[in-house]
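Student: Have a look at the structure that comes next, please.
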Amino acid sequence: MSSPIFARIQSSRTADDIVGQIETLILEGVLRVGDRLPGERDLSVQFDVSRPILRNALKLLETKGLLVTRHGGGTFVADVIGEVFSKPMMDLISSHRKAAADYLEYRRDIESVAAEYAARRATEDDRLMLHRIMTAMEEAYKANDFKREAELDVELHNAIGECAHNIILLHTLRSCYRLLADDVFYNRTVIYGFPGAREKLLDQHKAIFAAIINSNPTAARAAVGQHIDFIEQAQSEAARSSAWQNVSRLRRNQRESERG
């Protein structure tokens, strides 16, 4: 059974004490978007405060937009990341190739920094978390579970951002990976279906993982660069292949109509 993340309030036991603790947990990435808080009884015990004080604190956090209460469903961390772009802007940039290239350029730089920091700063608990994700990724690869592999891809990169122990970097990366999870700039399913891509992606993720585990910031930076370079290449080749297939289909249709 895991240890509770909420600590007993030591000082004045006011709503502000609880608010401050929960705000810090959200800011540090311990509590993530959609995480459900324990029930009122459990929370009041963990904080060692009365239930009226707890209710007041939760109400203040709701007012700040950090928590949401679903009727009959509990209290959850609100979507504090939000959308990076409006829907019209998302539609606009997703249809332009330069935006996809710029996104990968941005990822190459920001993820290199995150991996370097993680290699320098990862704690033993961080390493255990990375081990768990890497093991699950290898299992998904062996099971040919493309969907699970894609989910773990995002989870691993998010975890590396957490291991960097930089609050601004953490939330910037989470926002960035929301675009990745939604396939805004490129279709990861197409890349996973490319010959040899799944094995290469797994090897690249293992290289980033090993560099962080071995506290090698130079190797971590290099591994991220190779990973993004490969995605860029695979995306380009997938686009070319798709274009070739479209032309071939048009040729075949034209020939068949001429014979008809």
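Student: Quick one: which of Val45, Val68, Val77, Val49 is within 16 Å of Leu170 (Cβ to Cβ) and aliphatic (A, V, I, L, M)?
Tutor: Val77
Student: Sticking with this one: If you take the residues in segment 15-55 that are part of a loop (DSSP other than H, G, I, E, B) and more than 18 Å from Leu67 (Cα to Cα), which one is least open to solvent (accessible area, probe 1.4 Å)?
Tutor: Within segment 15-55, the match that is least open to solvent (accessible area, probe 1.4 Å) is Val49.
Student: Right, next: So, in segment 1-14, of the ones that are surrounded by fewer than 16 Cβ atoms within 10 Å (Cβ to Cβ) and either under 16 Å from Val77 (Cα atoms) or of a type outside the set (Gly, Ala, Ser) (or both), which residue ends up modelled with the highest pLDDT?
Tutor: Per the stated criteria, the residue is Thr14.
Student: Against the condition open to solvent by 50 Å² or more (accessible area, probe 1.4 Å), outside any helix (DSSP H, G or I) and at pLDDT 90 or above, how does Val68 come out, does it pass?
Tutor: Spelling it out, Val68 is indeed open to solvent by 50 Å² or more (accessible area, probe 1.4 Å), outside any helix (DSSP H, G or I) and at pLDDT 90 or above.
Student: A further question on this structure: Tell me, which residue of segment 71-88 that is over 19 Å from the mean Cα position of the chain (by Cα) and at pLDDT 70 or above is farthest from Leu37 (Cα to Cα)?
Tutor: Pro88
Student: Select the helices (runs of 4 or more DSSP H) contained entirely in segment 115-224, then report the ones holding at least 1 residues which are of a type outside the set (D, E, K, R), open to solvent by less than 50 Å² (accessible area, probe 1.4 Å) and under 24 Å from Gly29 (Cβ atoms).
Tutor: 124-142, 146-163, 167-181, 197-213
The values are calculated or read from the model by the stated rules, or taken from the named source; none is laboratory data. No experiment lies behind these values; they were computed from the predicted model shown. FYI the Cβ positions are ideal-geometry reconstructions off the backbone, even for glycines, and counts take in every protein chain you see. Remember, those area values only see protein heavy atoms, side chains included, never the ligands or the DNA or RNA. Shrake-Rupley method; radii C 1.70, N 1.55, O 1.52, S 1.80 Å.
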